[in-house]
Amino acid sequence: WAEALTPEAILHGLRAGKALLTSGPVLTITARAGDREAGMGDVLGADKASIHIAWSEVPEAATLTLTSGQRDSTGTEARVSRPVEGDGEVEIEMTDLPDGAWCLAELRSADGRMLALTNPVFLSGDWR
């Protein structure tokens, strides 16, 4: 996300990890723990989180997947995968997060083409 449509603002948003790759659909992801909230590229710093994913302008028969992983690990896990279309949102609870946990959301078409992909939200641990 950029706060303005200027080269400086766009580069600032990219450096901060606030990027969404899309072929049209809009996809957002935020994580909440108590009164704290983190979006793409942000660090939440919690051992459990509510993940909120919202989408719009999604074609029929698309699939939304929440993927999670851990820093210094090569493996990832698809936490939730479900059919979506149009506009909508979902809330997913993640508990017992290991140190260095992260998650991201992706949308794929019925034939498997990537429609949208968020940058990760860093859920637990010190990422600085």
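The values are calculated or read from the model by the stated rules, or taken from the named source; none is laboratory data. Model, not experiment: these values are computed from the prediction. In this analysis, Cβ positions are derived from the backbone assuming ideal geometry, glycine residues included, and neighbour counts consider all displayed protein chains. These accessible areas exclude ligands, DNA and RNA; they are computed on the full protein's heavy atoms, side chains included. Shrake-Rupley method; radii C 1.70, N 1.55, O 1.52, S 1.80 Å.
Observations, loosely collected:
- The simple Förster model, with R0 at 35 Å and r as the Cβ-Cβ distance, assigns Thr95 and Glu8 a FRET efficiency of 0.30.
- Ligands, DNA and RNA are left out, and with a 1.4 angstrom probe the accessible area of segment 43-128 is 53 Å² per residue.
- Value of [θ]222 nm, deg cm²/dmol, for the chain, DSSP H segments ≥ 4, -39500 (n - 2.57) each, nearest 500: -2000 deg cm²/dmol
- If you run the Gaussian network model on the chain, springs between alpha carbon atoms under 10 Å, then out of Val26, Val58, Val80 the most flexible one is Val80.
- Top of Asp42, Asp111, Asp99 by mean-square fluctuation, Gaussian network on the chain, Cα under 10 Å: Asp111
- Whole-number percent relative contact order across segment 7-105, with pairs defined as alpha carbons under 8 Å at least 6 apart: 27 percent
- With K and R counted +1 and D and E -1, the other residues having a Cβ less than 15 Å from that of Thr67 yield a net charge of +2.
- Working note: Karplus 6.51/-1.76/1.60 with θ = phi - 60° gives segment 35-40 the couplings 9, 9, 9, 9, x, 3 Hz, where Gly and Pro are set to x.
- Taking 0.36 nm per residue of separation and subtracting the current Cα-Cα distance, fully stretching the chain between Lys48 and Asp126 would add 26.6 nm.
- Amide hydrogen proximity for Arg79: with H placed 1.01 Å from N in the peptide plane, the residues at 5 or more positions away or on another chain lying under 5 Å are Leu66, Thr67, Ser68.
- The chain: antiparallel DSSP beta bridges as a percent of all, rounded to 5: 100 percent
- FRET efficiency, 1/(1 + (r/R0)^6) with R0 25 Å, evaluated for Asp111 and Ala16 via beta carbons: 0.15
- Prolate/oblate/rounded label for segment 30-81 (Cα gyration tensor, a/c 1.5): oblate
- Measuring spread by the Cα atoms of segment 55-98 yields a radius of gyration and Dmax of 13.0, 36 Å.
- GNM flexibility winner over the chain from Thr63, Thr95, Thr30 (Cα, springs under 10 Å): Thr95
- Put a plus charge on the Cβ of each Lys and Arg, a minus charge on the Cβ of each Asp and Glu, and nothing anywhere else: the dipole of the chain about its Cα centre is then about 280 debye.
- Element breakdown for the chain at a 1.4 angstrom probe: carbon and sulfur atoms account for 51% of the accessible area.
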